[in-house]
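To start, the structure itself, in structure tokens.
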Amino acid sequence: MGRWQIAALTATLLVCALLATATGPHPELLAWLLLTPPSILLALVDASVHRLPDALTLPLAGAALALLAAASQLPGARGSWTTALLGAATLGAAFLLMFLISPRSMGFGDVKLAPTIGAVLGWYGWMTLLLGLFAGYLIAAAHGIALLARGKATGKTPLPFGPSLLLGALVGAALGASFA
């Protein structure tokens, strides 16, 4: 097994353990566990080649909504499928608008990832969506500042946003689950 495969497997196991601990035995945990491996793969791909492939981003949004719809029908669910759906639509539309206003500031892969992030965070409510989104932007800013400080980037260096968005979604989902 290569270095990237070990990193991906380790990250997947750690994220699944964190989400299982935060969520507990609730139906949405299955959604989080099934969404984690492709999310880790997306983060690694974007970090290495600055691309979020359609083959992963588009099915992931549908899978997130379908899994959360199923979870919402089971006893003990602590979220709202309606808010997840609205979160997906809202974040997708907001990212599309940002892309249309300033295409150089965001890749279209990020736009296609936004509905998944919106669904996952929206499950626990609007505050969780805002918190997770803020965490993603904060992580991206910290990463950029660290690269600037080490001389590894300039103000014009394109940076992948997907890993930060996904990590922010993890933070938001874990906190949302902990306080739901």
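Read-outs throughout are calculated quantities, based only on the coordinates presented, and are distinct from any laboratory measurement. Just so it is clear, the structure is predicted and the values come from calculations on it, not from any experiment. Neighbour counts are summed over all protein chains in view; Cβ atoms, including those assigned to glycine, are modelled from backbone coordinates with ideal geometry.
What the Kirkwood sum gives for segment 99-180 is a hydrodynamic radius of 13.3 Å, with every pair of different alpha carbons counted.
Ellipticity at 222 nm from helices only: DSSP H runs of n ≥ 4 in the chain, each -39500 (n - 2.57), divided by the residue count, give -27000 deg cm²/dmol.
The simple spin-label model puts a point 7 Å past each Cα toward its Cβ; for ALA93 and LEU34 those points are separated by 2.8 nm. Each residue of segment 99-114 was assigned a 3J(HN,Hα) from its phi angle through the Karplus expression (A = 6.51, B = -1.76, C = 1.60, θ = phi - 60°), giving 5, 5, 6, 9, x, 6, 8, 7, x, 6, x, 5, 4, 6, 7, 4 Hz with x at Gly and Pro. Would you mind estimating how fast segment 68-127 diffuses translationally, via Stokes-Einstein at 10 °C and 1.306 mPa s with the Kirkwood radius over Cα pairs, in µm²/s? Rounded to a whole number, D works out at 134 µm²/s. Karplus-derived 3J(HN,Hα) values for segment 159-170, using 6.51 cos²θ - 1.76 cosθ + 1.60 with θ = phi - 60°, are 10, x, 9, x, x, 5, 4, 5, 5, x, 5, 4 Hz; glycine and proline are entered as x. Counting 0.36 nm for each residue step from VAL49 to SER102 and taking away their Cα separation leaves a gain of 16.9 nm.
State, as an integer percentage, the relative contact order of segment 29-122 based on alpha-carbon contacts under 8 Å between residues 6 or more apart. Numbers along the way, then the final one.
Working: 102 pairs, mean separation 31.0, N = 94.
So the answer I get is 33 percent.
On a 0 to 90° scale, report how tilted helix 126-149 is relative to the longest principal axis of the chain, with both axes built from alpha carbons and the result rounded to the nearest 10. The two axes meet at around 20 degrees.
Quick check: residue separation of LEU9 and ALA149 times 0.36 nm, minus the Cα distance between them. What number comes out in nm?
Working: separation 140, 0.36 × 140 = 50.40 nm, distance 3.03 nm.
Here the segment from LEU9 to ALA149 would lengthen by 47.4 nm.
Ordered by packing density, taken as the mean number of other Cβ atoms within 10 Å over each peptide's residues, highest first, how do 108-120, 3-15 rank?
Numbers: 108-120: 26.1, 3-15: 13.2.
So the peptides 108-120, 3-15, ranked by packing, come out 108-120, 3-15.
The angle between the Cα long axis of helix 3-23 and the main principal axis of the chain comes to about 40°, on a 0 to 90 degree scale.
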